[in-house]
Amino acid sequence: MKAAPFAYHDPRNVEEVLHLLATLENPRLLAGGQSLMPMLNMRVAFPDHVIDLNRVEGLDGVTERDGALRIGAMTRQRDVEEHPLVRARLPVMAEALSFVGHWQTRNRGTVGGSLCNLDPSAELVAVAAALDAVLEVRGPAGARDLSIHAFPEGFMTPALAPEEMVTAIRFPFWPAGHGHCFTEFARRHGDYAIVSAAALLMVEGGRVTRASLTLGGVAAGPMRLREAEAALLGAVPSEEVLRGAAARCQEIEAMSDPQAPAWYRRRLATTLVRRALETALARAGGAA
Amino acid sequence: MDGLIPVEERPALAAGPGDFVGRSVTRIEDAPLVRGEGLFAADVNFTRQLHMRVVRAEFAHARILSVSTEAARAMPGVVAVWTAEDVADIPLIPFRATKVRGLEPYCQPVLARDRMRYVGEPVAVVFADDAYRAEDAAEMVVVEAEELAVLLDATAAPGEFAPGLHTEPTIVRKEYGEVEAAFRSAHAVVELELSVGRHSGVPLETRGAIARYDAARDVLELHGTAKKQHWNRDEIARLLGRPPQGVHLFEGHVGGGFGVRGELYPEDLLVCAAALRLRRPVKWIEDRREHLVATNHSREQHHRIRAAVDADGRLLGIDDVFFHDQGAYVRTHGARVVDLAAGMLPGPYRLPAFRVAGHFRLTNKTPSATYRAPGRFETTFVRERVMDAIAARLGLDRIEVRRRNLVTAAEMPHARPLDTLGVDVVLDSGDYGGLLDKALSRFGWDALQGELAARRASGECVGAGLAFFVEKSGLGPSDGVRVAVDATGAVELVSGAASVGQGVETVLAQICAEALGVDYARVRVVRGRTDRIEFGNGAHASRVTVMSGSATWKAALAVREMALDCAARLLQLPSSGLTIRDGVVMREDGLAGPTVTLAEIARGMGPNSRAMHGHTPGLTAERWFWSDHMAYPYGIHLALVRIDRGTGRVVAERYLVANDVGRAINPMLVEGQIVGGLAQGLGGALYEEFRYDPSGQPLSTTFADYLIPTIAEMPVVDVLIAEDAPSPLNPLGVKGAGEGGTNGAGAAIAAAVDDALRRPGAITALPVVPATVHRLLGGLA
Amino acid sequence: MSGLHDIVLTVNGERHAVRVEARRTLADVIREDCGLTGTHLGCEHGVCGACTVLMDDQPVRACLVFAVQAQGRALRTVEGLAQGSRLSPLQQAFVDNHALQCGYCTPGFLMLGTAILEQDPAIGDEALVDALSSNICRCTGYANIAKAIRAAAAAMRAETAAAEVA
């Protein structure tokens, strides 16, 4: 299982990367390699050119900017998981990352790499949708922002032009006192999630003032449960209300394969959303 | 009894721990392995070596129209590309002796000839100067094929294998007692349909083979071998038209075998033929995706079983029909797995009447053969499900129903009117009921029932189950060992055994040290080398400790006797008053006196010594051990599981394996075998499966699909090693310990899941997957 | 199309100047070009962990790194653990606790365990299971591997304590 031949490029800044993307035939960007390299080794991907992003300056780092957490695309997952800002202000991301592969995977894997890979099971993709993340994209025409909700164009296909790359991602903060939970079901510890659920809640004066509910693993892209969120707004988060929100998962359209048929994914979704809501509620300040 | 060695003939190993035997000493194998200085197949390299890459079938069943190799030949670094025509002179790969007739036409060619029969079958091979380039070139080989209908269900009617041959080469039948009468007179009959999913050993090291023709000595060498060197050597020699002494097999370190490594595969013959023809060493290292479709599969069986019982739940008769999914070809085991399944099905129970028909059927899947506890993991699952079903039907306790049927210690040895692997099934020794008591007590079974009730009352979905197993081990017919003491007093032991990483060297060294009176760490053990010992039967079927261990005991005792005779003359003392400690011969009574070392004795026994005139020189002895019967270790698996209602996930919380091994030469190693075996058994019970789509395309082709348990999936495991029933069949009293940890896992987990679901008989198939459990739970919790 | 790259890999403190295609993995180059065959290949797609090495003190899967990417990094493999004939406390603990059978996964677990002991020797049970779940063993059933890591931590604590007293 050796990769097919390719020409290797080792740019040092974003301009170089963009130039290479614009001029090379059949290139692939190499970030952490945890998803791409298995594909190369199995020869299911065979780019003529590999553009290694690991020495490009200015693509990593975790900072705070305009009420959001800004994470450079090449920031290692492990660094995000352990970052004090993340743990303090966006703990749902740290929790999601604890499910991403294993320690070794997260030592190399990057946030941008996982997002751009758009695996339907990827925890980072689901949590980015839960947080209404915004991707900073750069291309020959300049820079643009792209909502995560518009990012998946199809199965594992981001809405990026071939000459564009993601340089950073912004995750707007939720206010202090919000409740969070990321949970998933996988066959073994560290495996790809079959279904994952992310819940974020603001509870003020005993009522839900803000809710975000996201499912991963049920469709090509992450699924925000907008109706369930709407139903939660203004409600007292009783057990019945939470169950009711979770029960809406029985109506979703879910992917199907022999190992995890659609009916089973719906059941998992229902269970996981309920558990995520219960935990998020318990963690929220201001719960009645 | 026939086949049992008369008591007076053998000097038996005394019970209880000795100086080395019975002690958990650390392994002499470990130093190079922890230092990263091992010699696994991929670590073997020769100058000018070529790398072989196999082009594999991409259809499950197709007529091969053409194989175009010109483009591949033109690739950089490529030296040759072969198709079936280039190896037409190599016969089909044979199987080892078996009573079953008619299997020959179903054997596998080294490269597919006019048909491909499974995805992964070798169709062509590329030889290049570098592994990456060999893979590049292999992609350029174009195979044109016309797809044919695929057969993927062993329970469906057989189809055509070739004109005049259908896909059921044989049915293995065994029968004894009055089966029809048993069913007629039964108080109750339970009828079950049960299946075990396809899975296999999947060792962490993939296969590898490196062949080198030593022209200077006219010897063909094959490196990276395992398991059954002497038979493989003889067959390779025969198939390639060389004398056996002109073929040497070498075994270095082996990254796990579990039954699947070391059988003769097409790739072994291809590297050998290439080394001879291309006059360069040829190296082939399998990659993981290849491994999952090309190395032997196992376990897939579908049983339709009926059991007749009396009003007390005692077995009157069993009638089983099963379908064994052999995959595309008959491999080197012939129909052995079916034979083993059939012969071992009764397990530990008294069974007056029995009829079994094992349908050995070919399908368009990867060929299948033995994997740890072959035929027994499957039939223990089937038989123990039957026992649970009897308990449920008659309203009896699951333990009680087993007690009533267990063969008692007083009935040992207990001969069944059956044979398996050409050997009568004679349960040699055992106290089944006694070990059951110990296991239940150790696991806290009674207290556990109360704990389960309390946990259920608080809403948890928990349950416990058990399975009784009987293993077989110590397969003969023979093995030999040569022990020699050199002029420095160092001991070398050469055996016909092989290693799969289980600690062969240490165990044989312990036995040798015990008999000879030296330090076990000073014993060098040679195994897996056909050039060092002429005959051998290798490592499989948990046979090494029994067979090579017994031969070691005899040989080392013989050397001891020679040394003491010599010392008696030198020291002017009767040999009966002497002993050997740490390589020094001294008075047994501990009083001060003259001593002589083994080194000195050995020096005096060289060919130039006057005393040796007329004798074969050297302080050395070679002894053989024969056995017509197998030894039967036995035991119990006890499992406690918790089910997550919301997801259907089954979590194994706590587990006990009780295993009587006759005698544990090294308890730490025995425990390692059991826990490791259990991890594999749990894999087969809950996670591992080779699945196929309707066109025969394999779906479990990477470690992301084929799920091997990690540490996170393991329960807390307790191991109870018992030595209550030493085997009377060998001087050590040992039974093998390699397979008991795996044997009962499927059955115990199924029983525990049923108990958690409060639905006896709910689990009828392995592996138990969350979606199934969730469905059985009947919806949301 | 694929040219050769001259790189220098620093493995266990030693510099290896090699010339490799970009597509050669770090695992293959360590094994074939640097001649250090202790690092093993079990799957080549990043699941089994047999190829685990330390790169700047962090455990990574060497089958998922190209050798050309590892230039300038401090690489450590199993061959660097022992000091001459003296095994590291973790290697010794593996032997003492029968934490290996066939030995194929062992180098990967040793490097993973070494990193654990360097970064968090007092690691909790759950976290230890979490960390070790990244590697597969097909022989031992894992219990003795965890035991060996605990034993090594204890041995290292005792050694440190003794040194402090001295």
Inset, instruction - Could you please find all residues in the stretch B:370-409 being more than 29 Å from B:GLY256 (Cβ to Cβ) and either touching a Ser or Thr at 6+ places or on another chain (Cβ under 6 Å) or in a loop (DSSP other than H, G, I, E, B) (or both)? - result: B:GLY395, B:LEU396, B:ASP397, B:VAL407, B:THR408
Inset, instruction - Check whether at least one residue in the stretch B:100-123 is farther than 26 Å from B:HIS302 by Cβ, of a type in the set (Lys, Arg) and not in a loop (DSSP other than H, G, I, E, B), and report yes or no. - result: no
Inset, instruction - Evaluate the stretch C:49-66: report whether one residue or more is within 11 Å of chain B (Cβ to nearest Cβ), buried (at least 18 other Cβ atoms within 10 Å of the Cβ) and on the phi > 0 side of the Ramachandran plot. - result: yes
Legend entry - Residue, farthest from the other protein chains (Cβ to nearest Cβ), within the stretch C:13-29, restricted to residues that are among the hydrophobic types (A, V, I, L, M, F, W, C) and closer than 24 Å to A:ILE51 by Cβ: C:VAL18
Inset, instruction - Of the conditions (1) out of contact with any Gly (no Cβ under 9 Å at 6 or more places or on another chain); (2) at the interface with chain C (Cβ under 8 Å from one of its Cβ atoms); (3) closer than 28 Å to B:THR702 by Cβ, A:ARG28 clears all except one; give me its number. - result: (2)
Legend entry - Close pairs (7 angstrom Cβ cut-off, 6 or more residues apart or separate chains): facing another protein chain (nearest Cβ under 9 Å) in the stretch C:71-94, in a strand (DSSP E or B) and of a type outside the set (Lys, Arg) anywhere: C:THR77/C:VAL11; C:THR77/C:VAL53
Inset, instruction - Could you please find all residues in the stretch B:668-689 being part of a helix (DSSP H, G or I), more than 10 Å from chain C (Cβ to nearest Cβ) and over 17 Å from the mean Cα position of the chain (by Cα)? - result: B:ALA685, B:LEU686, B:TYR687
Inset, instruction - Working only within the stretch C:116-153, note down all residues that are more than 10 Å from chain A (Cβ to nearest Cβ) and among the charged types (D, E, K, R). - result: C:GLU118, C:ASP120, C:ASP125, C:GLU126, C:ARG138, C:LYS147, C:ARG150
Inset, instruction - Go over the candidates A:ALA247, A:ALA260 one by one and state the one that is modelled with pLDDT under 95, among the small types (Gly, Ala, Ser) and either out of contact with any strand residue (DSSP E or B) (no Cβ under 7 Å at 6 or more places or on another chain) or not in a loop (DSSP other than H, G, I, E, B) (or both). - result: A:ALA260
Inset, instruction - Name the single residue, out of those in the stretch A:31-63 being more than 10 Å from chain C (Cβ to nearest Cβ) and under 17 Å from C:CYS43 (Cα atoms), that is farthest from the chain's Cα centre (by Cα). - result: A:ARG43
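Within the stretch B:25-47, can you find the residues that are farther than 30 Å from B:ALA275 by Cα and within 8 Å of chain C (Cβ to nearest Cβ)? I'd like the intermediate steps shown before the answer.
The initial filter retains those residues of the stretch B:25-47 that are farther than 30 Å from B:ALA275 by Cα, namely B:25-31, B:34-35.
Matches in the stretch B:25-47: B:THR26, B:ARG27, B:GLU29, B:ASP30, B:ALA31, B:VAL34, B:ARG35.
Going by the structure shown, is A:VAL203 more than 14 Å from the chain's Cα centre (by Cα) and part of a strand (DSSP E or B)?
On the way: more than 14 Å from the chain's Cα centre (by Cα): yes; part of a strand (DSSP E or B): yes.
The answer is yes for A:VAL203.
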Legend entry - So A:ASP145, is it within 23 Å of B:ARG645 (Cα to Cα) and under 19 Å from the mean Cα position of the chain (by Cα): no
Legend entry - Filtered residue count, the stretch B:216-235, keeping only those that are in a strand (DSSP E or B) and in contact with a Leu (Cβ under 6 Å, 6 or more places away or on another chain): 1
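Considering only the stretch B:572-621, state which residues are among the acidic types (Asp, Glu) and over 18 Å from B:ASP519 (Cβ atoms).
Within the stretch B:572-621, the first condition is being among the acidic types (Asp, Glu), and the residues that meet it are B:582, B:588-589, B:600.
Result: B:GLU588, B:ASP589.
Could we say that B:ARG212 is under 21 Å from B:ASN45 (Cβ atoms), more than 14 Å from chain C (Cβ to nearest Cβ), in a strand (DSSP E or B) and of a type outside the set (Gly, Ala, Ser) here?
On the way: under 21 Å from B:ASN45 (Cβ atoms): yes; more than 14 Å from chain C (Cβ to nearest Cβ): yes; in a strand (DSSP E or B): yes; of a type outside the set (Gly, Ala, Ser): yes.
Spelling it out, B:ARG212 is indeed under 21 Å from B:ASN45 (Cβ atoms), more than 14 Å from chain C (Cβ to nearest Cβ), in a strand (DSSP E or B) and of a type outside the set (Gly, Ala, Ser).
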Legend entry - Filter result (free of Cβ contacts under 8 Å to residues at least 24 places away in the same chain and aliphatic (A, V, I, L, M)) within the stretch B:737-762: B:ALA762
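Name the helices (runs of 4 or more DSSP H) wholly inside the stretch B:693-781 in which the number of residues that are crowded, with 24+ Cβ neighbours inside 10 Å, at positive phi and within 14 Å of chain A (Cβ to nearest Cβ) is 3 or more.
none
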Inset, instruction - For residues that are closer than 29 Å to B:ASP424 by Cα and basic (Lys, Arg), scanning just the stretch B:175-209, find the one that is farthest from the other protein chains (Cβ to nearest Cβ). - result: B:ARG184
Legend entry - Residue pairs meeting the criteria (Cβ under 8 Å; at least 6 apart or on separate chains; first away from every other protein chain (no Cβ under 12 Å) and in contact (Cβ under 8 Å) with a residue 24 or more places away in the chain, in the stretch A:264-286; second surrounded by fewer than 23 Cβ atoms within 10 Å (Cβ to Cβ) and charged (D, E, K, R)): A:GLY286/A:GLU204
Inset, instruction - Would you check if A:ARG78 is surrounded by 21 or more Cβ atoms within 10 Å (Cβ to Cβ), under 22 Å from C:VAL53 (Cα atoms) and without any contact (Cβ under 8 Å) to a residue 40 or more places away in the chain? - result: no
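Evaluate the following for B:ALA328: is it surrounded by 23 or more Cβ atoms within 10 Å (Cβ to Cβ), away from chain A (no Cβ under 14 Å) and out of contact with any helix residue (DSSP H, G or I) (no Cβ under 7 Å at 6 or more places or on another chain)? Break it down into steps so the answer makes sense when it comes.
Working: surrounded by 23 or more Cβ atoms within 10 Å (Cβ to Cβ): yes; away from chain A (no Cβ under 14 Å): yes; out of contact with any helix residue (DSSP H, G or I) (no Cβ under 7 Å at 6 or more places or on another chain): yes.
Yes; evaluated as a whole, the condition is true for this residue.
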Legend entry - Index of the failed condition, B:ALA294 passing every other in (1) crowded, with 22+ Cβ neighbours inside 10 Å; (2) within 14 Å of chain C (Cβ to nearest Cβ); (3) under 23 Å from A:MET42 (Cβ atoms): (2)
Legend entry - Which listed residue, of B:ARG560, B:ARG569, is out of contact with any Phe, Trp or Tyr (no Cβ under 7 Å at 6 or more places or on another chain), over 16 Å from B:LEU493 (Cα atoms) and assigned to a helix (DSSP H, G or I): B:ARG569
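Going through the stretch A:83-106 one residue at a time, which ones are outside any loop (DSSP other than H, G, I, E, B) and among the aliphatic types (A, V, I, L, M)? Please lay out each step first, then the result.
Our first condition is that a residue be outside any loop (DSSP other than H, G, I, E, B); within the stretch A:83-106, this holds for A:84-89, A:91-97, A:103-106.
Selection gives A:LEU85, A:VAL86, A:ALA88, A:VAL92, A:MET93, A:ALA94, A:ALA96, A:LEU97.
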Legend entry - Breaking point among (1) among the acidic types (Asp, Glu); (2) away from every other protein chain (no Cβ under 14 Å); (3) surrounded by 18 or more Cβ atoms within 10 Å (Cβ to Cβ); (4) without any contact (Cβ under 8 Å) to a residue 60 or more places away in the chain, for A:GLU164: (4)
Inset, instruction - Provide a single number: the residues in the stretch A:190-202 that are surrounded by fewer than 24 Cβ atoms within 10 Å (Cβ to Cβ) and more than 14 Å from chain C (Cβ to nearest Cβ). - result: 1
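The values are calculated or read from the model by the stated rules, or taken from the named source; none is laboratory data. Bear in mind the structure is a predicted one, so any value in this text is a computation, not a measurement. Note: ideal-geometry Cβ built from the backbone for every residue, glycine included; neighbour counts use all protein chains shown.
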